[in-house]
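Undergrad: Okay, here's the structure, questions in a sec.
Coordinate-derived values only; no laboratory data. Keep in mind the model is a prediction, meaning the values are calculated, not measured. Neighbour counts are summed over all protein chains in view; Cβ atoms, including those assigned to glycine, are modelled from backbone coordinates with ideal geometry.
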Amino acid sequence: MRCMACGEKMVLIKAIEDWNMPVLGFERETYMCLGCGDIEHRTAFNKQIKEKHDAEIAAILARSQSALGGGRVRLTSGRAWAGI
């Protein structure tokens, strides 16, 4: 990426996950110009962050399913019970 002010190359100096977005996987990136020192902030989607969160969620669900004895859930007269 090039600096808008002087045209020199910009380098990524910081990237943090953005939890304010409605979809997981976005991050706030901070770039600094090697020529003039200008700083730019951008929001970008990082597919690897999304995949990491998906894997974590799948692991949590798998643990909760095994804790329920296979995860059989049945609705009976408006009430849910877990078959263990």
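Undergrad: List the residues, sorted by chain then number, that are 5 or more residues from Phe26 or on another chain and whose placed amide H is less than 5 Å from its amide H.
TA: So Phe26 has HN proximity to Asp18, Asn46.
Undergrad: I want to check the label-to-label distance for Ile16 and Thr30. Put each point 7 Å from Cα in the C-beta direction and report it in nm to one decimal.
TA: Using points 7 Å along Cα→Cβ, the separation is 0.8 nm.
Undergrad: Based only on other Cβ atoms within 10 Å, what is the fewest-to-most ordering of Leu24, Leu34?
TA: Result, fewest neighbours first: Leu34, Leu24.
Undergrad: Given bins 10 angstrom wide, list per bin the percent of all Cα-Cα distances in segment 1-50, short to long.
TA: Taking all Cα pairs of segment 1-50, the binned fractions are 29, 42, 24, 5 percent.
Undergrad: How many nm is it between the label spots at Arg63 and Ala5, if each spot is 7 Å from the Cα in line with the beta carbon?
TA: In this crude spin-label approximation the distance works out to 4.7 nm.
Undergrad: Among all the aspartates and glutamates, which ones have a C-alpha under 16 Å from Lys14's C-alpha, if same-chain residues fewer than 8 places away are not counted?
TA: Glu27, Glu29, Asp38, Glu40
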